[in-house]
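Have a look at the structure below before the remarks.
The values are calculated or read from the model by the stated rules, or taken from the named source; none is laboratory data. These numbers come from a predicted model, not from an experiment. Counting neighbours? That spans all protein chains shown, and the Cβs are built from the backbone with ideal geometry, glycine included. Note: areas computed on protein heavy atoms with side chains; ligands, DNA, RNA excluded. Shrake-Rupley method; radii C 1.70, N 1.55, O 1.52, S 1.80 Å.
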Amino acid sequence: MSAPMSADRFLAALRAEGLTVVEVGNWRTHNRNHKGPWGPVNGVMIHHTVTQGTDYSVQVCRDGDSELPGPLCHGVITKDGHVHLVGYGRANHAGAGDSDVLAAVIAERRLPPDHHADTDGNRHFYGFECVNLGDGEDPWPAVQLDAIARAAAAVCRVHDWGSRSVIGHLEWQPGKIDPKGFTMDSMRARVAERLK
């Protein structure tokens, strides 16, 4: 368990991992903190956007909509491997998920199946939305997959977490399928390699 790093530390960590970072508007103070606590933080959650195009995807993740206000993550990872920071603090990305999964993330052990939606994930996870239609056919460019691993590793490095602290939305909340098109085991292997 950790207190969230500062927004400036988050930005510095991403850049230190070799990422190109785009700061979007007032991202440092754009959050949902009035809806509940942000932290303690325990891991990193990976999503796909179900959108196409950089500008549109970033705008949706920053602003959300009338049913789910933004920010919908902390960073949007686009097809070119850039990380667009859209919010910092509590974000509407994880939703309710399985307390047994959270316990496994904290202990950095193999994840159990996600059967319950009894725990507030927006409090406990950093979130990255990755631009992809999520249909299993939209490609994941190598540069984008590398950026996902680098972004997750950057957060893990600051908090002294291992790769088991990185999960997909589909491993957290019953019924979710994201990210689709690569396995989270393969992504955790990439993160572990970066953390060596």
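Can you tell me which residues in the stretch 34-47 are within 24 Å of HIS159 (Cβ to Cβ) and either open to solvent by less than 20 Å² (accessible area, probe 1.4 Å) or over 15 Å from the mean Cα position of the chain (by Cα) (or both)? Give the steps one after another, and end with the answer.
Filtering the stretch 34-47 for residues within 24 Å of HIS159 (Cβ to Cβ) gives 35-47.
Result: LYS35, GLY36, PRO37, GLY39, PRO40, VAL41, ASN42, GLY43, VAL44, MET45, ILE46, HIS47.
Among the residues examined, ALA103 does not qualify as touching a residue at least 24 places away in the same chain (Cβ under 8 Å), farther than 17 Å from VAL50 by Cβ, not acidic (Asp, Glu) and not in a loop (DSSP other than H, G, I, E, B).
Residue-wise test of (1) crowded, with 19+ Cβ neighbours inside 10 Å; (2) over 26 Å from PRO139 (Cβ atoms).
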position	(1), (2)
GLU17	yes, no
ARG32	yes, yes
ASP55	no, no
CYS73	yes, no
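Listed conditions (1) assigned to a helix (DSSP H, G or I); (2) farther than 22 Å from ASP98 by Cβ; (3) open to solvent by less than 60 Å² (accessible area, probe 1.4 Å); (4) not acidic (Asp, Glu) are all met by VAL155, apart from (2).
Give me a count of the residues in the stretch 162-193 that are in contact with a strand residue (DSSP E or B) (Cβ under 7 Å, 6 or more places away or on another chain), without any contact (Cβ under 8 Å) to a residue 60 or more places away in the chain and either surrounded by fewer than 20 Cβ atoms within 10 Å (Cβ to Cβ) or of a type outside the set (A, V, I, L, M) (or both).
So the count comes out to 1.
Under 9 Å between Cβ atoms, at least 6 apart or on separate chains: pull out the pairs that start in the stretch 57-68 with a residue that is surrounded by fewer than 18 Cβ atoms within 10 Å (Cβ to Cβ) and end on any residue that is in a strand (DSSP E or B). Filtered contacts from the stretch 57-68: ASP63/PRO69. Note on the stretch 48-97: residues that are under 19 Å from ALA13 (Cβ atoms) and either among the aromatic types (Phe, Trp, Tyr) or modelled with pLDDT under 95 (or both) amount to 1.
Which is among the polar types (S, T, N, Q) and either open to solvent by 30 Å² or more (accessible area, probe 1.4 Å) or closer than 20 Å to ASP185 by Cβ (or both), of ASN132, ASN122?
Working: ASN122 fails: either open to solvent by 30 Å² or more (accessible area, probe 1.4 Å) or closer than 20 Å to ASP185 by Cβ (or both).
Just one listed residue meets the conditions, ASN132.
Between ILE106, ILE167, which is within 23 Å of SER2 (Cα to Cα), of a type in the set (A, V, I, L, M) and within 14 Å of the chain's Cα centre (by Cα)?
ILE167
For the stretch 106-117, the candidate set comprises residues that are in contact (Cβ under 8 Å) with a residue 24 or more places away in the chain and under 18 Å from TRP161 (Cβ atoms); within that set, the residue that is least open to solvent (accessible area, probe 1.4 Å) is LEU111.
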